[in-house]
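Peer 1: Below you will find the structure I want to go over with you.
Every number here is computed from the coordinates shown, using simple stated rules; none is lab data. Please read all numbers here as calculations on a predicted model, not as lab measurements.
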Amino acid sequence: MNKLGKILLSILGGIDVTFKMFTPALISIVWIELVNMSGVYMYLLLSLGMLATLFRAIKIGWLKNE
């Protein structure tokens, strides 16, 4: 495989990991906007989305070490 192919695959891999990691946070933000939540429920859903994002980031970090 030539250098350009490797560069393109590494960029696509980085984009894939970034979207996979931030998907729960983005879904929670979109859900809050669609349902028009406010108050405690909004913060609860946003916190769950951020915790899921953190979990995925830690999981990806552990997979790198194996």
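Peer 1: Given (1) 1.49; (2) 1.58; (3) 1.06, which label gives Cα Rg over 2.2 N^0.38 Å as computed from the coordinates?
Peer 2: Correct label is (1).
Peer 1: Let me have the relative contact order for the range 1-63, percent, based on Cα pairs under 8 Å that are six or more residues apart.
Peer 2: 38 percent
Peer 1: Tell me what the chain gives for mean residue ellipticity at 222 nm when only DSSP H runs of n ≥ 4 count, each as -39,500 (n - 2.57), the sum divided by the residue total, rounded to 500 deg cm²/dmol.
Peer 2: That comes out to -32000 deg cm²/dmol.
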